[in-house]
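Contents: one structure, followed by commentary.
The values are calculated or read from the model by the stated rules, or taken from the named source; none is laboratory data. Given the structure is predicted, the values throughout are model-derived calculations rather than measurements. Ideal geometry is used to build each Cβ from the backbone, glycine not excepted, and the neighbour counts take in all protein chains shown.
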Amino acid sequence: MEASSRVALAVARERLEELTRDPSGLLGRARDVVTRQSRATTADEQLTLAEELFAVARLLESQPSLRRALSDPSGKPEERAALAQRLFGARLSPVANDVVEVSVRQRWSRPFDLVDAATELASEAALDAADARGELDSVEDELFRFGRIVGADQELSRILSDRKGPAAGKSALLDQLLSGRVSPVTEVLLRNVLTGSHVGTAGVAIERLSEFASRRRGQSVARVTTAVPLTAGQEQRLADVLGRLYGRTIGLQVTVDPSILGGLVVQVGDELIDGSIAHRLEAARRQLAG
């Protein structure tokens with residue numbers, strides 16, 4: 001996103017945060033009563049809010065003329081807000097309408113940024129629900145593990161990454177794979193993100209969700225590949241070393257892959273540290289061949 005869209009998203013996110021936490025003190029609660037301010041403070045309410053915002057994102061994604069109208073910088077903010085109210089007022093909860101109205105009042109660099117913003121705000125609301133349920137850790141882990149499943153299954157990855165594939169078919173497939181096996185929050189996140197027409201590569205989309213959940217926990221993610229499982233003590237020592245190296249808390253997502261033979265492959269963001277035996281053997285082979 002360009003600067004204006006980043007500012008717009010920050011304003012919308014701040015409003016979402018206001019509406020998903022309890023009012024502070026007696027005065028705050030009294031003000032809500034007087035102003036009839038609605039909030040989504042329970043896990044169920046936040047998950048419903050997430051579903052509503054995902055639905056808005058899907059509609060904007062499928063209707064180019066609508067997203068242009070709701071992000072048109074030549075129009076007045078109140079006119080865009082009035083249009084959003086006519087379109088969504090009777091279909092969304094008061095909290096969802098509030099977030100949408102604040103969003104369309106902002107200045108966006110390009111119309112599709114409004115779609116990305118709605119998707120990100122919906123994901124934030126879903127993670128609010130995970131936090132309220134005490135499931136942030138498990139949701140992050142479920143997203144990571146499902147990403148590994150998709151990455152290891154070429155056919156599944158192809159189906160979920162197919163932009164022309166019907167959303168209903170993808171949703172049915174995800175229901176079969178996830179229903180009753182993961183948190184409702186994980187299911188909402190994956191079903192909504194992976195059925196979008198601009199999902200791109202499914203594995204990358206799931207990875208972004210996993211990193212999003214990790215950042216919500218105040219951590220950066222190190223994706224670690226090892227030839228054999230690490231003990232809890234080894235994982236803690238590695239996390240400590242990486243934390244000192246990067247100057248921030250690092251959470252590990254560990255995958256066992258015997259093909260690397262030994263050592264570790266560690267990826268933090270775009271930085272890759274390949275200390276595997278397979279990598280060293282390949283480097284030695286190239287030196288001999290040269």
Out of region 158-183, which residues are at pLDDT 90 or above, in a loop (DSSP other than H, G, I, E, B) and among the charged types (D, E, K, R)?
-> 162, 181
Enumeration of residues in region 66-102 that are small (Gly, Ala, Ser), within 18 Å of residue 46 (Cα to Cα) and in a helix (DSSP H, G or I) = 96
Under 6 Å by Cβ, and 6 or more places apart or on different chains, what pairs join a residue from region 23-52 that is over 21 Å from residue 134 (Cα atoms) and in a helix (DSSP H, G or I) with one that is at pLDDT 65 or above and not basic (Lys, Arg)?
-> 29/23; 32/23; 52/92; 52/96
Determine which single condition residue 106 fails, assuming it passes every other condition in (1) polar (S, T, N, Q); (2) assigned to a helix (DSSP H, G or I); (3) at pLDDT 95 or above.
-> (2)
So, in region 179-214, of the ones that are without any contact (Cβ under 8 Å) to a residue 24 or more places away in the chain and more than 10 Å from the chain's Cα centre (by Cα), which residue ends up farthest from residue 135 (Cα to Cα)?
-> 204
Can you spot a residue in region 134-157 that is within 17 Å of residue 61 (Cβ to Cβ), surrounded by fewer than 16 Cβ atoms within 10 Å (Cβ to Cβ), at pLDDT 90 or above and of a type outside the set (Val, Ile, Thr)?
-> no
